[in-house]
There are 2 protein chains.
Amino acid sequence: MLKLENKPLKVINLGLESFADDLKSMGVKVESVDWKPPLPVDKAMREKIKANYAKKIEPANRQALEIINSGRAFLVGMGVAREEVPGMHDNLILHAGPPITWDRMCGPMRGAIIGALIYEGRAKTAEEAEKLAASGEIEYAPCHEHGCTGPMAGIVSPSMPVFILRNETYGNFTYATQNEGLGKVLRYGAFSEEVIIRLKWMEEVLYPTLKRAIGHLGKIDLHSLISQALHMGDEVHNRNRAGTSLLIRQLAPALVKTMLDPEQTAKVLDFINGNDHFFLNLSMPASKAVLDPARNIPGSSIAVVMARNGTDFGVQVSGLGGRWFTGPALVPDALYFPGYSKADANPDIGDSAITETGGLGGFAIAAAPAIVQFVGGSASEALSYTLSMFDICFGESSSYQIPALDFRGTPLGIDVVKVIENNLAPVIDTGVAHKNPGVGQVGAGVVNAPFEPFIKAFEALADELPGSC
Amino acid sequence: MLKLENKPLKVINLGLESFADDLKSMGVKVESVDWKPPLPVDKAMREKIKANYAKKIEPANRQALEIINSGRAFLVGMGVAREEVPGMHDNLILHAGPPITWDRMCGPMRGAIIGALIYEGRAKTAEEAEKLAASGEIEYAPCHEHGCTGPMAGIVSPSMPVFILRNETYGNFTYATQNEGLGKVLRYGAFSEEVIIRLKWMEEVLYPTLKRAIGHLGKIDLHSLISQALHMGDEVHNRNRAGTSLLIRQLAPALVKTMLDPEQTAKVLDFINGNDHFFLNLSMPASKAVLDPARNIPGSSIAVVMARNGTDFGVQVSGLGGRWFTGPALVPDALYFPGYSKADANPDIGDSAITETGGLGGFAIAAAPAIVQFVGGSASEALSYTLSMFDICFGESSSYQIPALDFRGTPLGIDVVKVIENNLAPVIDTGVAHKNPGVGQVGAGVVNAPFEPFIKAFEALADELPGSC
């Protein structure tokens with residue numbers, strides 16, 4: 001043990017835990033204090049926000065929260081992106097996160113675009129596809145600007161089938177592709193032959209089979225399925241086992257009733273049963289469907305989108321229209337699969353943080369302690385993550401509940417002002433992609449969003465308010 | 001507020017909570033102390049057990065627990081009771097709980113036997129059936145003495161299809177009928193035409209359809225399904241939503257692959273999807289399958305059966321062979337459905353307490369706080385129930401875990417000695433049947449087992465030990 005003048009040394013550690021760990025390993029008694037460097041936010045802006053919060057911001061946030069809480073997302077059908085997704089055309093490819101140009105895209109996103117161009121028949125080889133992708137002929141736009149959400153790279157190309165969701169309270173629609181499963185998949189940037197063959201099967205067999213079953217059912221209440229899944233160990237971002245199981249229960253009888261080919265129907269059931277993440281591509285657009293009507297409420301500081309493109313982390317805020325506030329996406333401190341480390345990891349990527357924005361995912365992780373256990377934590381840590389998010393949320397969900405908190409509603413409505421004032425960033429459950437195209441998932445973890453987009457949004461809010469700083 | 005010489009009255013309440021509630025309603029400050037009347041157990045017997053515990057009982061219990069923990073129950077097929085259930089013959093009817101004669105049977109059990117005799121074609125009317133049932137021509141025996149477990153009345157008659165389970169570690173088999181769903185059903189004592197029609201459909205359509213699918217799969221790992229269901233909000237006694245969902249996931253592709261008639265297959269899927277308790281008739285025989293090999297370990301004080309016939313509550317203990325220790329079944333203090341009260345309730349009934357005996361049900365209720373919420377309690381009460389059961393169990397499950405307790409194993413191996421020494425009876429989740437035949441379920445709750453069977457078993461254990469009392 002280290003000693004000072006023969007007295008045991010005691011150190012109070014501010015901030016960095018790794019420093020404390022070094023000291024602890026030397027036998028020094030360390031008390032960690034939860035100190036964080038202050039956020040670089042202009043004092044006058046803070047004052048201006050503070051002065052306007054109760055009168056301008058709070059009522060707007062109350063309105064936004066009520067809209068989010070009264071939303072009800074249903075799966076109402078399926079179609080092909082070219083025909084269903086607003087603004088989709090033959091030269092448009094949608095991607096996860098805020099806007100980005102080809103030259104700034106990360107490896108997995110480029111890989112997924114290469115795969116999509118081969119899948120679309122626009123290129124025969126990766127080289128051809130890459131050339132076309134960079135030629136200027138292909139346009140890129142965020143999924144979120146076309147009613148879509150996409151996990152990881154989040155690529156939506158014109159021929160891809162999409163789920164069609166409708167928020168029955170407000171009448172708005174959202175869309176998402178079908179989840180491919182794990183392993184070599186487009187959303188992690190893989191574009192080998194097996195990836196393309198699977199995408200074609202999903203277009204030619206999975207899609208029409210599911211479309212018939214959903215058509216037979218009329219609609220599927222995703223709001224109810226998500227509420228139940230939270231009582232069954234899911235947070236519907238990184239754990240979707242219950243959601244997928246409940247979906248199969250509803251679909252299976254309808255699949256049989258609308259069956260054309262028993263062999264294909266069995267393959268469809270096997271495919272969904274073999275992929276616990278199948279429900280993710282419904283929980284994401286369901287979250288977007290309830291958040292979108294809460295956009296454009298003047299003065300509201302509630303985030304309606306958090307999304308990452310693997311290079312930038314972007315946030316959109318209700319009171320600030322369609323503007324993106326961005327900062328560099330961080331490389332997650334995750335649990336890496338054997339053989340991989342942080343050095344292999346791509347910065348955080350995907351639209352899946354829309355679940356956290358909607359009070360699910362990391363915000364509901366107390367409902368899914370198995371996720372925290374998987375990355376080496378405990379059930380009480382899962383509770384702590386969820387409890388801490390109440391500090392940065394304007395309210396709580398009136399539908400989505402945490403059983404372990406006596407069925408309290410999940411923290412809902414990320415308030416940019418509270419993020420800054422509490423110096424606390426949203427927690428996000430995430431899968432980690434390899435930084436190179438085609439490798440796939442290398443880890444998983446619970447990470448914090450970067451502060452930069454929230455600081456920029458906070459400053460923009462201050463700018464919009466009457467008076468000078 | 002009541003006052004004594006103008007000072008606020010403070011009462012310390014020993015035992016009965018209802019007395020405390022009365023005082024509280026009068027504004028008196030009450031501190032309840034967890035006092036219980038001492039159990040009427042002979043002191044010399046207590047001493048004898050105590051003297052032999054470490055040397056004789058504990059090693060036997062360790063062996064029993066290891067056997068239970070190493071069991072692995074699989075669903076391996078289906079058949080008809082007449083052909084599969086050991087000792088079944090045309091004049092035999094199996095029932096829940098310990099042995100009982102027709103004249104002592106409760107209403108729901110009589111109703112279910114009347115229904116079974118009509119279903120078997122042995123009687124055309126309820127009157128005919130009742131006459132035959134009482135004639136002496138029909139033999140009655142406990143399910144548990146023929147490898148079976150039955151929920152509520154638990155009737156198994158020769159023509160009923162049964163699931164066949166095998167503990168792959170020890171090679172022993174168990175059996176259970178298919179769950180009928182809720183409403184007017186045989187297990188709650190109903191015997192109207194709709195009940196008999198459903199039973200016939202279950203024999204002629206549900207059974208052969210499921211049998212083909214299970215045959216195609218070869219076997220289904222129930223140990224794994226139960227372990228997962230506990231991570232998904234079930235305790236697999238009164239909540240089986242996850243277990244049923246996970247089962248459907250596995251069965252659906254196989255049902256399609258072995259399909260003869262799409263319409264019937266769709267009906268089978270609809271039927272299972274419409275009945276969240278379908279999995280109960282697998283979790284029960286799965287529990288029995290892992291407990292049975294722990295029978296007959298000389299000296300072991302671990303309960304291998306708890307079962308109720310609606311009149312008596314029976315317990316069997318590993319070190320005491322096939323003997324039943326019984327006492328009157330209690331009327332549950334449950335939450336009653338609107339229009340019903342405790343006065344309508346039948347005493348506790350069914351073999352389903354085999355789940356508690358196997359570390360599930362009430363013992364695992366911390367995994368299923370929604371059950372406690374349903375009967376007016378909180379998630380922390382659910383935790384308390386489970387935690388208290390560690391006090392009367394010899395160990396914990398090495399497979400079945402409680403997420404909210406950081407994935408600690410469930411309390412496993414009810415030790416009759418600990419029940420007596422701690423003056424604490426096992427908690428059981430239960431549905432409540434109306435006392436009259438044909439009415440059905442009138443409530444649900446969490447109840448304690450009666451002490452009498454445990455006291456008798458304790459005394460029998462003492463008798464078996466060397467030396468005199």
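Residues that are out of contact with any Lys or Arg (no Cβ under 7 Å at 6 or more places or on another chain) and more than 24 Å from A:Phe407 (Cβ to Cβ) within the range A:221-257 comprise A:Leu251, A:Ala252, A:Pro253, A:Ala254, A:Leu255, A:Val256, A:Lys257, listed in sequence order.
Taken together, B:Gly218, B:Gly147, B:Gly183, B:Gly189 contain a single residue that is in contact with a His (Cβ under 9 Å, 6 or more places away or on another chain) and not acidic (Asp, Glu), which is B:Gly189. Scan the range B:338-377 for residues that are of a type in the set (Ser, Thr, Tyr) and either within 14 Å of the chain's Cα centre (by Cα) or under 23 Å from B:Pro98 (Cα atoms) (or both) and the total you get is 3. Checked against the criterion of being more than 16 Å from the chain's Cα centre (by Cα), free of Cβ contacts under 8 Å to residues at least 12 places away in the same chain and not in a loop (DSSP other than H, G, I, E, B), the range A:270-281 contains one or more residues that satisfy it.
In this entry, A:Ser287 is excluded by the filter for residues that are farther than 30 Å from A:Gly183 by Cβ, among the hydroxyl-bearing types (Ser, Thr, Tyr), touching a residue at least 24 places away in the same chain (Cβ under 8 Å) and in contact with a Leu (Cβ under 9 Å, 6 or more places away or on another chain).
Right, A:Gly395: at negative phi, in contact with a strand residue (DSSP E or B) (Cβ under 7 Å, 6 or more places away or on another chain) and either in a strand (DSSP E or B) or within 13 Å of chain B (Cβ to nearest Cβ) (or both) or not? Yes: the conditions hold for A:Gly395.
For every residue, the table says whether it meets (1) free of Cβ contacts under 8 Å to residues at least 12 places away in the same chain; (2) crowded, with 19+ Cβ neighbours inside 10 Å.
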{"site": "A:Met306", "(1), (2)": "no, yes"}
{"site": "A:Asn309", "(1), (2)": "no, yes"}
{"site": "A:Gly321", "(1), (2)": "no, no"}
{"site": "A:Asp344", "(1), (2)": "no, no"}
{"site": "A:Gly358", "(1), (2)": "no, yes"}
{"site": "A:Gln373", "(1), (2)": "yes, no"}
{"site": "A:Asp391", "(1), (2)": "no, no"}
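Please pick out the residue among B:Pro437, B:Pro411, B:Pro450 that is outside any helix (DSSP H, G or I), within 18 Å of B:Asn309 (Cβ to Cβ) and at pLDDT 90 or above.
B:Pro450
Quick one: would you say B:Phe163 is in contact (Cβ under 8 Å) with a residue 40 or more places away in the chain, closer than 27 Å to B:Thr430 by Cα and surrounded by fewer than 24 Cβ atoms within 10 Å (Cβ to Cβ)? It is false that B:Phe163 is in contact (Cβ under 8 Å) with a residue 40 or more places away in the chain, closer than 27 Å to B:Thr430 by Cα and surrounded by fewer than 24 Cβ atoms within 10 Å (Cβ to Cβ).
For the range B:104-155, what are the residues that are crowded, with 24+ Cβ neighbours inside 10 Å, assigned to a loop (DSSP other than H, G, I, E, B), among the hydrophobic types (A, V, I, L, M, F, W, C) and out of contact with any helix residue (DSSP H, G or I) (no Cβ under 6 Å at 6 or more places or on another chain)? Residue satisfying the conditions is B:Cys106 alone.
This table checks each residue for (1) touching a strand residue (DSSP E or B) at 6+ places or on another chain (Cβ under 9 Å); (2) touching a residue at least 24 places away in the same chain (Cβ under 8 Å); (3) under 17 Å from A:Leu280 (Cα atoms).
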{"residue": "A:Asp103", "(1), (2), (3)": "no, yes, no"}
{"residue": "A:Pro108", "(1), (2), (3)": "yes, yes, no"}
{"residue": "A:Ile113", "(1), (2), (3)": "yes, yes, no"}
{"residue": "A:Glu137", "(1), (2), (3)": "no, yes, no"}
{"residue": "A:Tyr140", "(1), (2), (3)": "yes, yes, no"}
{"residue": "A:Trp201", "(1), (2), (3)": "no, no, no"}
{"residue": "A:Leu210", "(1), (2), (3)": "yes, yes, yes"}
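If the condition is being hydrophobic (A, V, I, L, M, F, W, C) and touching a residue at least 40 places away in the same chain (Cβ under 8 Å), then the range A:243-258 contributes A:Leu251, A:Ala254, A:Leu255.
Each residue in the range B:156-170 was checked for being among the charged types (D, E, K, R) and assigned to a strand (DSSP E or B), and 1 pass. Listed by position, the helices (runs of 4 or more DSSP H) contained in the range A:196-265 that have at least 2 residues being small (Gly, Ala, Ser), more than 16 Å from A:Thr177 (Cα to Cα) and within 11 Å of chain B (Cβ to nearest Cβ) are A:241-257.
Quick one: would you say A:Ala382 is in a strand (DSSP E or B) and either under 30 Å from A:Ser341 (Cβ atoms) or at pLDDT 95 or above (or both)? Taking the combined requirement at face value, the residue does not satisfy it.
Across the range B:85-103, the qualifying residues are those that are part of a loop (DSSP other than H, G, I, E, B) and among the aliphatic types (A, V, I, L, M), and the one among them that is surrounded by the fewest Cβ atoms within 10 Å (Cβ to Cβ) is B:Ile100.
The values are calculated or read from the model by the stated rules, or taken from the named source; none is laboratory data. A quick note: this is a predicted structure, and the numbers were derived from the prediction, not measured. In this analysis, Cβ positions are derived from the backbone assuming ideal geometry, glycine residues included, and neighbour counts consider all displayed protein chains.
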